[in-house]
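Here the structure comes first, spelled out in structure tokens, and everything after it is commentary.
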Amino acid sequence: MQPDDAEIERLYAYPASDRPWVRSNFVATLDGAAHASDGRSGSLGGDIDTHVFSILRSLADVVVVGAGTARDEGYGPSSVPIAIVSRRLDVPDALLVPGQIVITTADAPAEALARLRDVVDVIAAGTGSIDWTQVLEQLAARGLTRVLCEGGPSLHGDLVALDLVDEICLTVAPVLAAGEAPRIAHSPTAVDRPMTLGHALDVDGVLLTRWVRDRT
């Protein structure tokens, strides 16, 4: 049975925290595919996943997403600021509007950075690769402490490798996919990050889970 919205909001409420809290949200098949055969994750999980997706956004201060994922999934502006991650400054046109954020490196092309800053808020941190600790500090300075990462797998893998993911909300779709779809996190280095189950809900065969980083 599907819980009502008040219960979903209670289950997924951000904890009180004196620092930025990074939540990631993904859907995957039983065999670990991060998208369906059409190449989109939105095709997995059904109506309940879409509904929880919207509630998770409403609870967040900012949504962090890679430019490729934003393009593939057809992202557009929302009531919650979208922070697009792109070292190449390859930002979808639909998100080049005031109120959005671009996250990139400090050594990104200066002219392109200047043009972006005329339209959107820009956080440029790190040389060669993004300094995510500094990015989170700058988001917090803007009052954006409830962070929601929506992928893709490379961005998520970077955050996992740096041990910056505090929790993951994972919807498990009751299908097998095979194929060559990626997992929900990729990084050059394998790590071991223990998690504790927060909840698991079965809604018409779709499993909604929330896992919290065990830092004990």
**Fill in**
Residue hits (the range 24-70; among the basic types (Lys, Arg) and either crowded, with 19+ Cβ neighbours inside 10 Å or within 25 Å of Thr145 (Cα to Cα) (or both)) are Arg57
**In the range 73-103, the residues that are of a type in the set (A, V, I, L, M, F, W, C) and either over 14 Å from Asp131 (Cα atoms) or not assigned by TED's automatic domain parsing to the domain that holds Val122 (or both)** = Val80, Ile82, Ala83, Ile84, Leu89, Val91, Ala94, Leu95, Leu96, Val97, Ile101
**Request:** Give Ala114, Ala106 a once-over and let me know the one that is surrounded by fewer than 16 Cβ atoms within 10 Å (Cβ to Cβ), at pLDDT 95 or above, of a type outside the set (D, E, K, R) and not assigned by TED's automatic domain parsing to the domain that holds Ser154.
**Result:** Ala106
**Prompt:** Taking the range 1-29, which residues are farther than 15 Å from Ser54 by Cβ and aliphatic (A, V, I, L, M)?
**Reply:** Met1, Ala13, Ala16, Val22, Ala28
**Request:** May I ask you to verify whether Arg87 is under 14 Å from the mean Cα position of the chain (by Cα) and either surrounded by fewer than 18 Cβ atoms within 10 Å (Cβ to Cβ) or basic (Lys, Arg) (or both)?
**Result:** no
**One residue from Thr171, Thr196, Thr145 being within 19 Å of Tyr14 (Cβ to Cβ), in contact with a Phe, Trp or Tyr (Cβ under 9 Å, 6 or more places away or on another chain), surrounded by fewer than 16 Cβ atoms within 10 Å (Cβ to Cβ) and of a type in the set (Ser, Thr, Tyr)** = Thr196
**Asked** Would you say Ala140 is among the small types (Gly, Ala, Ser), within 25 Å of Pro15 (Cα to Cα) and without any contact (Cβ under 8 Å) to a residue 60 or more places away in the chain?
**Response** no
**Message:** Show me the strands (runs of 3 or more DSSP E) entirely contained within the range 82-174 in which 2 or more residues are under 15 Å from Thr69 (Cα atoms).
**Reply:** 82-85, 101-104, 146-149
**Prompt:** What's the number of the condition Ala124 fails, among (1) in contact with a Phe, Trp or Tyr (Cβ under 8 Å, 6 or more places away or on another chain); (2) without any contact (Cβ under 8 Å) to a residue 40 or more places away in the chain?
**Reply:** (1)
**Message:** Anything in the range 148-158 that is surrounded by fewer than 24 Cβ atoms within 10 Å (Cβ to Cβ) and among the small types (Gly, Ala, Ser)? List them, or say none.
**Reply:** Ser154, Gly157
**Item:** Subset of the range 26-72 that is in contact (Cβ under 8 Å) with a residue 12 or more places away in the chain, assigned to a loop (DSSP other than H, G, I, E, B) and charged (D, E, K, R) - its residue that is nearest to Trp132 (Cα to Cα)
**Value:** Asp61
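The values are calculated or read from the model by the stated rules, or taken from the named source; none is laboratory data. Owing to the predicted nature of the structure, the values given are computational and were not obtained by experimental measurement. So basically every Cβ, Gly included, is an ideal-geometry build from the backbone, and we count neighbours across all protein chains shown.
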